[in-house]
Each structure stands twice: as structure tokens, then as C-alpha cells.
Amino acid sequence: MVVLREGMCPGLDEDLLRDLRAADIKTVEDLVSSDIEGLAQKCSVSYKALFAIRRVLLAQHTAFPVSGADLYEELLSSTAILSTGNPSLDKLLDSGLYTGEITELSGGPGSGKSQVCFGVAVHISYQLKQSVIYIDTTGGLAASRLLQMLQAETSNTEEQMEALQRIHVFRLFDVYALLGCLYSLRSGGLQQASVGGGSVKAVIVDSVSAVISPLLGGKQNEGMSLMIQVAGVLKTMAKDFNVAALVTNHVTRSGSGEVQPGLGVSWSHIPRTRILLERVEKAVAVSRPSLRSAKLIKSSRQPCHIKEEFDLQWWSRSEKGSSGKRKLDETDS
Amino acid sequence: MSESGAQLLARLEARRCLKDIEPRLFPEDGGPDQGAVVELFGLEGTGKTELLYHLLCRCVLPEAAGGLEVDVVFVDTDYSLDMLHLVSILDSKLSAALLAGADEAALRSCLSRLLVVHCYSSSQLLLTLHFLETTLSSRPALALILIDSISAFYWVDRCEDGVSYTKQEEKLSRCAELLGRLLRDYRITVFATCHAIRRPAVPSSSSDSERSYLCRSWQRLVTHRLLCSRQKPGNNVAGEGGDDQEQRRHQIFTVHCTTSSSMVKASWSSSFCVTEAGVEFLLESEENKCAARQ
């Protein structure tokens, strides 16, 4: 709702504003939807002048149609696919995270969502040499873990430091701070973060359900509205700045007992791709506690319900065949 | 409001009737007439946006490739338009028709019939619909408006405007009324998706979750309602992660159409699955074949 103010467009002066308010026209939407002829008579202003004002205001506030051909050309040149660094996960995602979309990672406690986010951030900042924005709402991010993962990729401390500098971390613990941070990123923060490194290619929010699920339920609708606002800002940021958005979510049990991602039905329409992470039970017997399985539950590119297994310890190597890189010591604290 | 001679002509000139846009979705002779509003309702992942792409392709393709050659406006309210996916469907349909002309040029001409608008709030949607009126009068080939989705601002509006339902629904009601006027004056057709916000508590009984929750003005406007749902994938436990083709064939989506327009109240069910070339409808016998395999 855009309130009419004087000086918004040529011809909209104080007297006219007063007359319009007297005729119950307070916002741009009211003016555009009302009958111009009748209004011109009531406010004793010429029909032509009012019609011109309406046209200027409409042009200022409407969204312009774009031809499909132009949109396609633009997308061809700006969409990128970011590999996550893990071949199994890439196979599931049809070669990686797509820019301009939201990808969701859901899983129970200890299923490895944060570890996957670390792996993605490290891969993008070290291998692809692009910046990453990491928004941590659970307090689970430790720079020492990121350093540990980088040390497995390279032993050159300068490169490690450079890669760490390309990961920008924001720590917030409630939804209003999250909204504030996202809005400020959208209006200039992303350009600032891109200075001195690669441009920002990914925004990771770990986790989005930690700040929203306490507000859901009950009779108030404010929680739902805030959730949809967060989704809206993430989507516009992803589309306008060509970044890939990765969010994590918790899980709940559905009526029939099966595990499903949390935040309800209204959130389920938001992410374009959804992955469910689970521990692999048989791995406990085989003493590989870091084995995880990922199942694709929503995708517009792949058939659903395909599963892949991967090991959290060796992020950039697939199940079959490890290259000769060092295995991380388990005793590292 | 007075209109110029050109505007009058553009308004009265007959726009393409889209009754035959997809006969497999609608009952006999019950396709969307001029001025019809079709609502696609369903949970996530039930194929609503895929159906919209299918209808879009049918409209913009040249007649030689089985299309209707009409202009289409796509109003995108939740940034879900995947142009690359759409272009791959158009490409496969164009090459299937084995057109003699250059592929690039054919693709460009199809895409130039499509206009895309992104809206990020319901007030912007209202203003954009007003703006579209000028586009409608200047493009007599424009016969279809696709809105994906009309329910994107539901929760934000509920919270923004106070406690009374009327105030909360005011913006969407105004959009619906404006759409109604555009439908009457310009004789276009509208298809809109609406996301379900309630999952049925017991999978078999779904009447409560299928009820429309948007404002009355929108509900009055809707003439055809397509309820989309997804059938559970087949019991191929042994084939997990195995044959991709097998998996795809078992992902069947069903559409149930109810019309409340004209004198006849009719309903019709159809099923489809999603392939590389877009939506593929299943014939009756194929449906039974898949069921038997399960």
C-alpha cells in the first residue's frame, strides 16, 4: 500500500492531495482503481490532469512485463550451477545448486545438515573462489571446523586464509534479525561482501526453521506471515543477484508415521528442490558413523525418491575410490 | 471511461477461444470458454506448475507444431517460473514436429509471444493488472493470462491488515473484481494455481483440505476447478535407486476437474506423468496397466 504524498509526481500538489483525501482516496491503489471522471468532478480538477497523474503513478509502481525471449537470453547468461563438492550430492541435485532457486536440506538432529552446509561453503570458497554468505541461527558454526575442512584440501596457509575470508558469517537468533539482515543484504550488502573476493554466489541459512517454528501454531497468523516474508526476500535475492540459496529445516512425523520436513504445508511450496538427510543404520555395525543417506523428495528435474549415500568425513570423494588425500584424524578436537 | 476508436476495435475484435486448449483435462465440450477462470488446486509436488507449462507451450507454439499461436501473459508471484525447463519442453516439441525452418528462429518467435511479469505483493499485483489493461488493448492476439500463484500473498495479507477478515481479503478481492472486469471486457481466459494450505489428516478423506480458502470474490469468479494430486509411487522397494525410467513411470499425477459453469455440472478425471518432453497424459488402458504392475 503506497500512500499518496505530495511531490510524488508532477501535478500532485497539496491542494489536490487534500481534495483527494476528502474523497477518501489515500493510496496509489485507491487512485488507480477509482473512476477518474467522477473523481475529477469531485475534486474540481481537469480530467486530463488527473488522468496524466494516474498514468505516471501507475508507471512508477507497476511491474513491467518482459518478453519471454529477453528473459531467456538473460537467464542463459546469468544462471550458474554450483557444485556442492560431493559427487553423490551433485548427482542427486542434477550437477549442483542452481542459482536463482532455493534448495532445502531437511533432517533430524545429528543427520549432518550443518556439516553439509560447511562442506558446500568450503567448496565454493576454495575451489570455485567465490564468496559465500553463511547465516547461522543455531550457533553451530565453528571457524575451526571450517579450517579443518580446508586443511584437508590444501596445506598452504595463505590459501586457507583467503578461502576463510570469502565466507561471511552472520549470527542471528530471531526472525526479525534474520529479516533485517536479509533486507540489508538485498539493498547493498551483497555488493559490499563481493568486494575483494569473488562475487557472492551462495547464501546459506542454517537453519531457517530454528527461528520460525517457535512462532508457528496457535491462533496468531504472524508466524506464517513472517515465514512467507523470509521466503519472499530469499527468493527475490536469489533471482535478482543470481545466488543459490540453501536452507536447512528440521523434520516431523506425518499422520501416517513417516518422516517429513517441518514448517508445514505452506512452506513446502517455497523450495524448488528438497532433500531429506538420514543416518544410515547399518553403518553403526560397520563402524562408519559418518555415513549418511540423502533422498530427493521434491525436484523438477529428477525423478523423486532417488537415494544416494555419502560419507561426511570425506566430503569431496565419492563412495567408490578415494584419491590419495589425507584422512582427517578423528581425535582432532 | 471513454476509449479511442483503436481501443474499441481491439476490445471487440474476437480473441482466440481456448476451448480446445487441452481436451483431455476437461469433460466433453466443457473446456474453458472465453471469460472462464480455471483454478488448479493442490499440495506441493502435484504437478500444477507442470500443467501450466504444458498449457503455455500449447498456446505459443506455431500451428504446424500443434499450437494455437496466441500471446500469453504469465504473472509470476512466487518466482517459480523456470525458463530453462520451459525452453527444453518447447525445444522437444518443436523438434518432434520436425519443422523445416531454423530451430533458433522458431524458438525465438514462440518466446516472443510470451510476456512475463513478476509481482512481489498483492498491491503490486493490483497495479500490474491495471497496467495489463493497456497491454490487452494493444495486443489483440493476447488471449490467456496465467497466474502462478494467486495464493502467494495469502498469509502476508492476513497479517497486515488488522483483525477483520474483510480488510484482510480486500486486496485480493479488488484483484478478483478487476480480473472479472477484464474478462468481461476483453473476453480472455485465466488459469491460476492455488497452493493448498492444509494437508488431509487422513489420506483418504480430503474434502476439508480441498475447500477453497481465498476470498469470496475470487471463488465466484472461478468456473472450472482442477484438483491435482499425486499417487503414491509403486511398490518397487527392490528397485530403489535403480532404473530411472521405472521410477518415472510410477509417478502418476491425477487431475479431477469440476465445472460449475453453464447449465451442466460436470466432472472429469485424468492422469498424467512428467517426462523430458513435459506432461504426457495417460490413456485409460495405460492407467490400468500401471495399476496392474503395482
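Every read-out reported here was derived from the displayed coordinates using simple, explicitly stated rules and does not represent laboratory data. These numbers were taken from a predicted model, which means no experiment stands behind them. Cβ sites come from the backbone with ideal geometry, for glycine too, and all protein chains shown count toward neighbours.
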When A:LEU215, B:LEU214, B:LEU84 are ranked with the fewest other C-beta atoms within 10 Å first, the list becomes B:LEU84, A:LEU215, B:LEU214
Mean other chain Cβ within 10 Å across B:151-157 is 5
Ranked on Cβ counts within 10 Å of their own Cβ, fewest leading, B:THR193, A:THR236, A:THR99 go A:THR236, A:THR99, B:THR193
Kirkwood calc, segment A:14-61, C-alpha pairs only, radius in angstrom 10.6 Å
Inter-chain shielding metric for A:298-309, i.e. average beta-carbon neighbours from other chains within 10 angstrom, reads 4
Put in order of increasing Cβ neighbours within 10 Å, starting from the fewest, A:ARG21, A:ARG301 give A:ARG21, A:ARG301
So A:VAL259 and A:GLN127, fully extended at 0.36 nm per residue minus their Cα-Cα distance, gain in nm 44.1 nm
Note on segment B:104-144: alpha-carbon gyration tensor, axes a ≥ b ≥ c; rule is a/c under 1.5 for rounded, else prolate if a/b larger than b/c, else oblate; result oblate
The simple spin-label model distance between B:THR135 and A:ILE81, using points 7 Å out along Cα→Cβ, in nm, is 3.1 nm
Shape descriptors of the protein assembly as shown over alpha-carbon atoms, Rg and Dmax in angstrom, are 26.1, 86
Counting only DSSP loop positions in segment A:198-247, the trypsin sites (Lys or Arg not before Pro) whose Cβ has at most 15 other Cβ atoms within 10 Å are A:LYS219
Those GluC sites (Glu not before Pro) from segment B:1-96 that are DSSP loop and have at most 13 other Cβ neighbours within 10 Å turn out to be B:GLU3, B:GLU13, B:GLU28
antiparallel share of DSSP beta bridges within chain A, to nearest 5, in %, is 40 percent
Per its Cα gyration tensor (rounded if a/c is under 1.5, else prolate when a/b beats b/c, else oblate), segment A:164-318 is best filed as oblate
Surrounding charge for A:VAL28, neighbours by C-beta under 13 angstrom, Lys/Arg +1, Asp/Glu -1, total +4
By the DSSP-based rule, helices of chain A that are at least 27 Å long along the axis (C-alpha) and have a mean Kyte score of at least -0.5 are A:222-241
Per its Cα gyration tensor (rounded if a/c is under 1.5, else prolate when a/b beats b/c, else oblate), chain A is best filed as prolate
